């Protein structure tokens, strides 16, 4: 079965590509670099996946986190599996700045949003391609 | 250097014991089963730890998450590293219920709190000891 994406994730995010067997998304809120990794599984909890699958996902999380920190010169990373509203397993990898729109609060549910320009979106895709983080 | 705990974590949490080389804390808000794992490191980001250390911590996260789900019959786990306010690396392992005080919002910054009774706290410690999750 091919990996299909929950309608809410489709609505909230730009598609960036595949990283390993995960879909990599970019949240449409351009105020912060907010990436979402969607593993290829019907399981809803990361901790219930097998060790080998967890390790593969952890490797992708680590690579993405390093990318976000280096590319956007972030001050802190917030990495989380919540899934209270969208049950499809997805991992938030969010770059934060000490002067961003809702620092130091977590971003979920916070008011404030901005759209990506097509140019900025393409720059992010190209940087991910250059680092071989998406294909 | 022994593992010392950030003053805010000390103020917000009950000490449960050591799980591996992590301190295991229970957030004082008894409305939800909210555990916090504090690894023995000065590094602020989980993704920057070496693979072996990350794997050990992941094993502790998995064990705790299974415990929370089984012990409290939770509907969802929220697992996160935020650290915007308390910079000492700590991992939230939070059991959620579809009828809890702030479902489906994430718990950070939400109003609503209740204290643990001494009996309930001891029950949790005993259950962790029985499962050999703390020593």
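Brief remarks on what is shown
- Label zone (residue B:110, point 7 Å along Cα-to-C-beta; backbone nitrogen cut-off 17 Å) within the range B:1-43: B:27-36.
- Folded to 0 to 90 degrees: helix B:51-72 orientation relative to chain B principal axis, Cα: 10
- Simple spin-label estimate for residue A:126 and residue A:51 gives 4.3 nm between the two label positions (7 Å along the Cα-to-Cβ direction from each Cα).
- With the label put 7 angstrom out from Cα along the Cα-to-Cβ vector, residue B:52 ends up 2.4 nm from the copy partners, going from closest to farthest.
- What sits nearest the axis between copies B and A, counting only chain B Cβ atoms, is the residue and whole-Å distance B:80, 2.
- Label spacing, shortest first and in nm, from residue A:8 to its equivalents in the remaining copies (7 angstrom along Cα→Cβ): 2.7
- Extension gain, residue A:75-residue A:43: 0.36 nm per intervening residue step, less the Cα-Cα distance, totals 8.3 nm.
- Rounded Å value of the spacing that divides the Cα centres of the range A:105-125 and the range A:13-28: 14
- Relative contact order of chain A: 28 percent, from C-alpha pairs under 8 Å at least 6 residues apart in sequence.
- Taking the label point 7 Å along Cα→Cβ, residue A:120 and its counterparts in the other copies are spaced 4.4 nm apart, in ascending order.
- Under a Gaussian network description of chain A, with springs only between Cα atoms under 10 Å, the residue in A:30, A:11, A:105 that fluctuates furthest is A:105.
- Relative contact order for the range A:34-90, counting Cα pairs under 8 Å that sit 6 or more residues apart, in percent: 53
Every read-out reported here was derived from the displayed coordinates using simple, explicitly stated rules and does not represent laboratory data. The model shown is predicted, which means the values in this text are computed figures rather than measured ones. Heads up, the Cβs are rebuilt from the backbone with ideal geometry, glycines too, and the neighbour counts pull from every protein chain shown.
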